[in-house]
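Here the structure is laid out as structure tokens; the discussion comes afterwards.
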Amino acid sequence: MQEPRVVEAILSRYRNLIILAIVIVAQLLLLAWQVRTTQDVRLIRVWAVTTVTPLAGVTEAVRRNTIGFLEDYFILLDVREQNRKLREDNNRLKMENIYYRNQLTTAENARALSAFQLQTASKTVAARIIGNGTASSAQVVFIDRGSTSGVVKGMAVVTPDGIVGKVIAVYPLASQVLLVTDPTFSVGVESQKAHIHGTLSCNGSNCVVDYIQNEEKIDPGEWFYTSGEDRIFPRGFPVGTAASVKSGQFMKDIHLNLSGAPGAADEVLVVLHGVHQLIPDTPPEQRVAQSLPAPPPDAAPGPATPKMATQADKIKQKYIDIGKEENHVYGAIGGNMPNFNKPAAAAQSPAQAEMPPKPAAKPASPPVVRPSPPPTGILGARTPEPTKQPAAEKKPSHVDNGPVLPLGAPRKKAPPATPPQP
Amino acid sequence: MTEYSEQLLKKPLREGWLNRFQVLALLAITLVAIICQFYLPRLIPNTEFLEIPLLLTIYFGLMRQNQLSALFFGAFVGLAQDSLSHLPLGMYGIAKTLVGYFAASVSMRFDVDNVLVRFTLTFFFFFFHQFFYWMMRRALLGQVVPLDPQKILLQALLNAVVAVPLFMILDRMKLSGS
């Protein structure tokens with residue numbers, strides 16, 4: 001008879017504690033069921049994500065369209081929007097650039113030529129990060145692309161600069177991405193020079209490459225790329241550079257600087273269809289910005305100078321050629337005068353020969369007949385009789401720019417210029 | 001026992017507190033806390049350390065002074081937080097259930113209106129929450145996640161600093177609702 005009373009007394013006295021134990025045990029059972037069956041309580045998650053992500057999206061949109069509106073249209077005059085579009089274009093072009101340069105590098109050796117022909121570019125879809133995961137220690141973000149955009153669990157998420165993470169949960173309008181900086185995430189990587197394979201694991205910003213033996217040679221600053229062995233990231237995406245390389249007890253102790261910013265990126269690319277690439281021979285920086293070769297030494301000016309800028313330069317060159325042909329030294333006393341009336345073809349310089357021919361029917365400059373003074377020639381020479389020819393058939397032997405004196409020809413002393421009258 | 005310690009242990013009267021703090025308002029504030037946890041690090045960088053759902057659980061436990069409602073509220077907030085994380089449901093639920101229960105238990109002995117008490121309890125409960133979460137992750141899920149006590153202590157300090165004005169705002173909301 002007293003047992004029920006004792007039980008009631010215990011229940012009433014420890015009621016809160018018992019309820020606490022029941023709630024804890026219930027959650028433990030839920031946890032154990034999820035871990036054991038590797039299944040998820042998807043309904044609750046879908047409800048939560050469907051409730052929160054639109055609100056976060058609206059918050060982000062309101063922030064962009066109110067605060068950003070004032071800045072865009074009244075302060076920065078839409079510069080921010082243009083900057084965003086340019087950044088998107090730049091990211092896309094950088095991705096294409098990396099791909100094509102990888103392909104060009106690959107095509108340089110015949111071994112990879114067939115791969116180059118068979119490969120196609122990875123198909124990606126752009127996404128925006130709209131929020132962080134609620135677990136404080138975990139490196140998880142949400143993106144605004146879900147199953148309606150073709151995103152599937154397990155897809156790789158990258159930026160043009162490096163890898164970001166992988167999709168671990170997909171909802172209709174959003175997806176959850178586990179960043180590479182999460183302690184539970186590992187990536188297969190491969191060194192650039194010796195193609196040594198290892199495993200990248202990070203704890204926040206501290207990233208190390210494991211499972212590389214001490215006998216292998218890795219240089220500080222050497223690039224690491226995805227190896228594709230994790231079946232998540234296609235091979236050939238840049239990961240980062242070796243910040244420090246030390247020999248450990250059994251394996252090398254390699255710290256890596258990630259080339260991308262997994263937590264700080266705003267826009268990412270989800271790889272819908274990955275394509276493996278070969279590891280490029282040159283690091284990404286050199287491939288993106290290749291320095292020009294050294295400029296050639298200054299060439300000595302001479303008749304072979306191909307470029308002449310003005311008409312005066314061409315005439316000067318013509319007279320120099322005539323002088324050389326007739327062994328005339330300009331400026332010398334007592335020498336014979338060269339015949340400057342020779343046909344233009346005979347004295348045509350190689351540079352002039354390279355010039356495109358002028359159309360015969362429509363000359364560039366119509367001939368102008370001037371009775372006096374004689375257009376060219378030596379001062380004092382007989383002026384040839386002007387023959388009446390049709391204007392179209394008259395071929396000018398020179399370009400009429402007024403009287404031009406040959407270089408080195410004796411010149412008349414110009415009358416002293418009268419000083420301007422005040 | 002000094003006069004100050006007696007003042008700290010004084011039990012204030014909190015009748016009808018839940019009536020003013022309506023259930024709908026609780027749900028709305030919980031949703032706002034979850035969204036803040038979700039969105040704030042994107043809006044303001046380097047605010048990942050803020051555990052606003054935990055601060056809300058501590059506040060509710062301290063002010064409600066009812067172990068049952070506090071533990072259920074903690075379980076609700078924790079499960080909501082779990083549903084937006086990548087780990088199985090129940091990790092934050094168990095941790096916050098315990099925090100809510102203990103906060104309500106402690107509030108029966110201390111004057112939780114005192115700023116120093118609030119600061120100290122928040123600091124302690126944050127450390128307990130993070131340590132318990134790490135332990136469960138390691139023991140139940142088998143995940144080897146490194147523990148950085150210095151970082152957790154610093155985060156606990158920052159959360160306690162944030163908690164003091166946040167609790168005052170929540171106090172004002174409670175008063176405005178009366």
Quick shape check on region B:3-176: root eigenvalues a ≥ b ≥ c of the Cα gyration tensor, a/c under 1.5 is rounded, otherwise prolate if a/b tops b/c, else oblate, and it reads prolate
Given unit charges at Cβ for Lys, Arg (+) and Asp, Glu (-), the dipole magnitude of region B:3-176 about its Cα centre in debye, nearest 20, is 180 debye
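Taking a ≥ b ≥ c as the square roots of the Cα gyration tensor eigenvalues, with a/c under 1.5 meaning rounded and otherwise prolate when a/b beats b/c, else oblate, which class fits region B:28-125? Write out the running numbers ahead of the final one.
Numbers: a/c = 2.23, a/b = 1.40, b/c = 1.60.
Oblate, since a/c reaches 1.5 and b/c is not below a/b.
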Summing +1 per Lys or Arg and -1 per Asp or Glu among the other residues with Cβ less than 9 Å from residue A:246's Cβ gives 0
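Which pairs, out of A:94/A:217; A:193/B:151; A:94/A:166; A:153/B:151; A:85/A:166; A:193/A:252, put more than 28 Å between their alpha-carbon atoms?
Values: A:94/A:217 30 Å; A:193/B:151 38 Å; A:94/A:166 21 Å; A:153/B:151 32 Å; A:85/A:166 25 Å; A:193/A:252 16 Å.
Correct reply: A:94/A:217; A:193/B:151; A:153/B:151.
Bear in mind that the values in this text are calculations on the coordinates, not laboratory data. Worth saying up front: this structure is predicted, and the values here are computed from it rather than measured. Quick reminder, even Gly has a Cβ in these numbers, built from the backbone with ideal geometry, and neighbours come from all protein chains shown.
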